[in-house]
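*Asks:* First the structure, then my questions, so here it is.
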Amino acid sequence: MRVVVVGNGMVGSRFVEDLRARAPQAEITVVGAEEYEPYNRVLLSEVVAGAVGVASITLPTSDVDGVRVLRGTSATALDRTRRVLVLDSGEELPYDHLVLATGARARIPSVPGLERLPAGVHPLRSLDDAREIVAATVNTRRALVLGGGVLGLEVACGLRRRGLAVTLVHGGPHVMDRQLGDGAGAAALAGLTRLGIEQRTGVVAAEVHVSTFGTAATWGAPDGATADVATTDTGAVSRRVTGVRLTDGSTVAADLLILTAGTVPDVDLAERAGLEVRRGVVVDADLTTADRAVHAIGDCAEPPEGGTGLIAQGWEQSRRLAAVLAGADAPTSSPLGGTDVVRLKAHGLDVVAMGAPVAGARTVTLSDPAAGRHVEVSVADGAVVAVACVGAPEVGADLTTAYTRATPVPADPAQLLLRPVRGAATTAEPSPTLMPDRATVCRCNGVTKGDIVRCWEHGARSTDDVARATRATTGCGGCTEAVCGLVDWLAKASPDPSAGAPHSRTANGAQPASTSPAAVTLSEPVPSGSGTAQRRVPSSRS
Amino acid sequence: MPAGPGTRTHCPYCALQCAMTLSPPDDDARAVGAPVTVAGRDFPTNRGGLCQKGWTSAQVLRAPDRLTTPLVRDADGELRPASWDEALDVVADGVRRLQAEHGREAVAVFGGGGLTNEKAYALGKFARVVLRTPFIDYNGRFCMASAAAGANRAFGIDRGLPFPLADVGAASAVVLLGSNLAETMPPSTAHLGDVRAQGGLVVVDPRHSATAALTDDGGGLHLQPVPGTDLAVLLGLLHVVLGEGLADEEYLAARTTGADEVRRSVAAWWPERVEQVSGVPADLVRRTARMLAARAALSRREGRGGVVVLTGRGVEQSSQGTATVSAAINLALALGLPGRPGSGYGAITGQGNGQGGREHGQKSDQLPGYRRIDDPAARAHVARVWGVDPDTLPGPGVPAVELLRHLGTPAGPRALLVHGCNLVVSAPDADRVRERLRALDLLVVCDLVPSETTRLAHVVLPVTQWAEEEGTMTSLEGRVLRRRRALPPPPGVRSELDVLHDLAARLGVPTGFPTDPAEVFDELARASAGGVADYSGLSHARLDAAEAAGQALHWPCPEGSAGTPRLFTESFPTPDGRARMVAVDHHGPADDLRRDAPIYLITGRVLQHYQSGAQTRRVPALATAQPEPYVELHPLLADRLGVSDGELVEVTSARGTAVAAAHVTPSARPDAVFMPFHWSGEGSANRLTSDATDPVSGMPEFKVCAVQVRAVGETSRGAADELEVVR
């Protein structure tokens, strides 16, 4: 089986790995436009933020025995009749199966000034983009991020982390409006504000101002002037962004403009080959086009359920297609819950969103604007079907696993709004006085407070006595302090002169040593600050 | 406790092998029917402490139903008392007949990690020399196989802790992955006091276990992943260490190979993805990695306490157990820990002789000294010691679960000899195991008490236990310890060394199976010479002398050596002297959640019981403290199911159903229930567990499977209670 993969990115390279695992005999050729080995595109915003190094985002190489990798090579045509892929080198690659994993390009808004990207203007789609942005941050001060989706927020927070003044411009009513409703959006805005990121929502760029030769040629000039510069630009002239005029007429100065206005699937090759293309290359549930020898996965594909642009979907498609091509039944164990989890990787702002409320869903909300927290959970048929969670990362983590695994939700879904995992696990340890009689003091030997009290009643007067009689403290020794505390407390509360410890009658005259354990526990509060009260007792497992 | 006169030995149970002294019974001992008084003895591992199991261990010596006569199943199918000669003849005749009819492979052997080194060695030799069957494996396959495979491929050697346990006590950070020390070897937690005081204890466990609770109140960090996703957490920790430039690059360059592949493989495991898979918040993954890296750096530069990464069964009993161990080792290597005094990676061995038991030939692919049975040089050496032609030694057999699956099948073994293991309680998918054992023509079980497995046997042979025998055990830190006899066995009880000697003689091998443990050990030492686990410098006499002089002897200990408390200080025993980093990936459990099984089941232990409970369930104090199996579930899940604490719940997996009492506790995750596995019967956890195994180690996935949980009894409302997820 000859398999040609177009695209050596996150999904293309993963597909090679998946197919080799299932069909080691397949002859695989991978064609990648970039010179680089496959890398983790998801982490480019982390590179921009300075959180991870460029070297650490390289993914496992496809360049292994049995795989031919052509890097820095573009496919120019797909001849489906002859079943060959034509390369820019002129070479033709015959195939039995052709897999399109060409990904997506950054969408460049059609705004005057961006006909040709001036210096200081970058999309963030490739390693080169990330490198250029990082280099640019060294001598820029004001950044404008155009587009407040996931990537826009990550970049805005990342640049802020690098100390730049950042303005985030978003056409929708609030950031991430595809994923977040008003309440969650407001919490996200509050979070961004706390980080010192200026936001302009409900407006888009009307024009990008560009200077030439260091002069702000279009600063405040009529639109036509900008267009002039742009169209007459030969590419040799230095043009540099200086700011952006927004649709409300205001202008924001910026010497770095990042375009995060979404992506466009890379479908040129498929289109020219006459394959059906809507937003992406149309494929069926088996990731196959109308031409059974041609497949598409990742961002360039448009499966029946629609493309999410999330890597999880691309990797799932890779696994599935590998199984299909290997002749195995496609994996039937499709995930129980949803896979469309959108998790922001922004420094200082936690947002996670997933799913969509369905008819009949029950939605519960925790709204805590002052703390920048908003949790909204929809439940249907006993499972979580949608989540918007801002500023509550631990709750978000729990909700994610509940959603992706469709685990049973609590009888009252409002329980999901706080941390259900740990619940009320940590309660304050009781003092010897308040500790119930059946509370375990020494776990290693299963000794309860009641056992120690009884031991005292039988004449034990020191920790050693108690240890000999009950074996408390003789395991790991972790309860030694607690046992000392109990002995001290019993000594103080005891009227028995043979106790050998300084003591007096308790205020109410109770005689704990001879009373029932239950009475003892009620007899006397431990003096606070005595040190005894500070001692901890392992919690009971009863 | 004062160390008076008495017999200095070690606890019969776990791999911590707490030192104890046995003396003539005092009043307290007599009151509970114990023939000796047990006292903890000061020792580097247990520091004089014992848990409740250790304190009460002498009562097992006089268990009311202690086996003291051989039993043979008669024509009516009943087990009847028999003489030793009669019983051994039945075994020998059966073996001869089945091997004549079906070939040598018709007889298989199943050993245990609780056997002394001497018995484990003799058992392996018996299988290879007398039975000449490849089919021998042992319950250590359920216990240490993944840790062993991971350590072997990284370091070229598998010694649970390659450093003394006391090093843990001096560390500034300790990571415990899937280990519940506070229940499984309680005295060992004494070593965690200092690290907790520094906030340096990291526990990765889906439950807020007693051990995880040690991280509370500033003791450290508890990472509580979805069951079966510990590997993703480790990959995330590695991602942060490598991605944020926190790794010890000098160490990686000088002492490892494979770092680049690992670096690339974890590029795909950024913390937010780890969070989605495991439920551990991304920020907690980052904080943990940074804390570990910072402490490793301080240890390196300023000589502060080291960093120790430890794994336990929680992560190893998994279909990706070896991969998880590799990831833990990779993390340790990235932080520059292995071989640095005070730091390192280790696996916490479970069973009493789980270490020694895996070194001297009980494993299907192994010869004494941790040699490979498919290595011609190893075969030649061992055959020379055994006085046989190397060509007569069988080749590798199959790992435990595969062996059990084939028992009594047309192509599988027809007879099985079981030593030191209660298979029908402790093996996964226990109902199937019971079926396979029933299908055998001959099942021979050596045991102390009538365990559940003996009840299926054709022949039961009563054997000695700890305080009745001499021998050696190798503890979790690779230290060889002397087990000493404090009292004679009850009349009618024999050592397995006697059993093997007598059977060998009946099967035509009259020599080569001495019954004196010291003599067996000397042969073991010769057979191990030049192997990875080299004991050739050891003997009972030397161990006794060293102990009297307060010296510890850790293997490898070739002739003339003073032992090796710390491995890897100069190099790793790999061909190039470097540790090998192996890139691994997370796939998740084999038996993952389904619509009709939407809850995870985790299995594990409780403090009061050991393994299948055959010993500890017979001690009244332990049985009273933990009388019955239970199902631990979170209050939210209990509420959803309509179950109150103490009520019965029914847990059903694809393999079987168990019913046990509900223990409602917030220490569980709401998406997972927990059951201890020490019981048989309707509450037996292993009726539910999956026999899916790790592809490298053959270790079964005890720790996670998918189940349905519902209320039974009064509160049952039938199918309406089932948690079917409709999407």
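The values are calculated or read from the model by the stated rules, or taken from the named source; none is laboratory data. Computed from a prediction, not measured in an experiment: that's the story for all the values here. Positions of Cβ are generated from backbone atoms using ideal geometry, with glycine treated the same way; all protein chains shown enter the neighbour counts. These accessible areas exclude ligands, DNA and RNA; they are computed on the full protein's heavy atoms, side chains included. Shrake-Rupley method; radii C 1.70, N 1.55, O 1.52, S 1.80 Å.
*Asks:* Right, B:Arg578: modelled with pLDDT of 95 or more and over 27 Å from B:Leu123 (Cβ atoms) or not?
*Replies:* The answer is yes for B:Arg578.
*Asks:* Further question: Mind counting the residues in the stretch B:39-50 that are surrounded by 23 or more Cβ atoms within 10 Å (Cβ to Cβ) and at the interface with chain A (Cβ under 10 Å from one of its Cβ atoms)?
*Replies:* Here the count works out to 4.
*Asks:* I would also like to ask the following. Taking into account only those residues within the stretch B:173-211 that are among the hydrophobic types (A, V, I, L, M, F, W, C) and in contact with a Pro (Cβ under 9 Å, 6 or more places away or on another chain), which is farthest from the other protein chains (Cβ to nearest Cβ)?
*Replies:* Among residues in the stretch B:173-211 that are among the hydrophobic types (A, V, I, L, M, F, W, C) and in contact with a Pro (Cβ under 9 Å, 6 or more places away or on another chain), the one farthest from the other protein chains (Cβ to nearest Cβ) is B:Val204.
*Asks:* Among B:Asp544, B:Asp534, which is the only one that is surrounded by fewer than 18 Cβ atoms within 10 Å (Cβ to Cβ) and over 22 Å from B:Leu416 (Cα atoms)?
*Replies:* B:Asp544
*Asks:* Output the residues belonging to the stretch B:4-35 that are among the aliphatic types (A, V, I, L, M), open to solvent by 10 Å² or more (accessible area, probe 1.4 Å) and touching a residue at least 40 places away in the same chain (Cβ under 8 Å).
*Replies:* Selection gives B:Val32 alone.
*Asks:* Taking into account only those residues within the stretch B:228-270 that are within 10 Å of chain A (Cβ to nearest Cβ) and of a type in the set (S, T, N, Q), which is farthest from A:Gly53 (Cα to Cα)?
*Replies:* This residue is B:Thr229.
*Asks:* When only residues in the stretch A:391-407 that are within 10 Å of chain B (Cβ to nearest Cβ) and open to solvent by 20 Å² or more (accessible area, probe 1.4 Å) count, which is nearest to B:Gly228 (Cα to Cα)?
*Replies:* The selected residue is A:Arg405.
*Asks:* Could you say whether any residue in the stretch B:158-165 is touching a Gly at 6+ places or on another chain (Cβ under 6 Å) and closer than 21 Å to B:Leu298 by Cα?
*Replies:* Within the stretch B:158-165 (the criterion being touching a Gly at 6+ places or on another chain (Cβ under 6 Å) and closer than 21 Å to B:Leu298 by Cα), the answer is yes, since at least one residue qualifies.
*Asks:* Does the stretch B:326-351 hold any residues that are at pLDDT 95 or above, buried (at least 24 other Cβ atoms within 10 Å of the Cβ) and among the small types (Gly, Ala, Ser), and which are they?
*Replies:* Within the stretch B:326-351, B:Ser326, B:Ala327, B:Ala328, B:Ala332, B:Ala334, B:Gly336, B:Ser343, B:Gly344, B:Gly346, B:Ala347 meet the criteria.
*Asks:* Within 14 Å of chain B (Cβ to nearest Cβ) and in a strand (DSSP E or B): does that describe A:Val352?
*Replies:* The answer is yes for A:Val352.
Yes or no, residue by residue, for (1) part of a helix (DSSP H, G or I); (2) in contact with a helix residue (DSSP H, G or I) (Cβ under 8 Å, 6 or more places away or on another chain); (3) not assigned by TED's automatic domain parsing to the domain that holds B:His501:
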| residue | (1), (2), (3) |
| --- | --- |
| B:Ala87 | yes, no, no |
| B:Asp93 | yes, no, no |
| B:Val109 | no, yes, no |
| B:Leu115 | no, yes, no |
| B:Pro134 | no, yes, no |
| B:Asn152 | yes, no, yes |
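*Asks:* Hey, another quick one. In the set A:Ala414, A:Ala388, which member is surrounded by fewer than 23 Cβ atoms within 10 Å (Cβ to Cβ), outside any loop (DSSP other than H, G, I, E, B), modelled with pLDDT of 90 or more and more than 9 Å from every other protein chain (Cβ to nearest Cβ)?
*Replies:* None of the others qualify; the one that does is A:Ala414.
*Asks:* Given the residues A:Glu35, A:Glu46, which is the only one that is farther than 20 Å from A:Gly314 by Cα and crowded, with 22+ Cβ neighbours inside 10 Å?
*Replies:* A:Glu46
*Asks:* Would you point out the residue of the stretch B:211-264, among those that are in a helix (DSSP H, G or I) and hydroxyl-bearing (Ser, Thr, Tyr), that is farthest from B:Arg669 (Cα to Cα)?
*Replies:* Per the criteria, the residue is B:Tyr251.
*Asks:* State the number of residues belonging to the stretch A:321-337 that are open to solvent by less than 60 Å² (accessible area, probe 1.4 Å) and either facing chain B (nearest Cβ under 9 Å) or at pLDDT 85 or above (or both).
*Replies:* 8
*Asks:* Can you tell me which residues in the stretch A:132-141 are surrounded by fewer than 18 Cβ atoms within 10 Å (Cβ to Cβ) and not in a helix (DSSP H, G or I)?
*Replies:* Within the stretch A:132-141, A:Val138, A:Asn139, A:Arg141 qualify.
*Asks:* Sticking with this one: Only strands (runs of 3 or more DSSP E) wholly contained in the stretch B:591-687 count here; list those with 3 or more residues that are more than 9 Å from chain A (Cβ to nearest Cβ) and touching a residue at least 60 places away in the same chain (Cβ under 8 Å).
*Replies:* B:599-604, B:630-633, B:648-652, B:672-676
*Asks:* So B:Asp167 passes all but one of these: (1) in a helix (DSSP H, G or I); (2) within 14 Å of chain A (Cβ to nearest Cβ); (3) over 20 Å from the mean Cα position of the chain (by Cα). Which condition number does it fail?
*Replies:* (2)
*Asks:* Would you mention how many residues in the stretch B:183-211 are within 19 Å of the chain's Cα centre (by Cα) and open to solvent by 20 Å² or more (accessible area, probe 1.4 Å)?
*Replies:* 1
*Asks:* Does B:Arg542 satisfy being charged (D, E, K, R), part of a helix (DSSP H, G or I) and touching a residue at least 12 places away in the same chain (Cβ under 8 Å)?
*Replies:* no
*Asks:* Considering the stretch B:275-290 alone, what residues qualify as being at the interface with another protein chain (Cβ under 9 Å from one of its Cβ atoms) and either among the β-branched types (Val, Ile, Thr) or in contact with a Ser or Thr (Cβ under 8 Å, 6 or more places away or on another chain) (or both)?
*Replies:* The answer is B:Glu275, B:Gln276, B:Val277, B:Ser278, B:Gly279, B:Val280.
*Asks:* Of the residues B:Arg96, B:Arg80, B:Arg66, B:Arg73, which single one is farther than 24 Å from B:Ser451 by Cβ, at pLDDT 95 or above and away from chain A (no Cβ under 14 Å)?
*Replies:* B:Arg96
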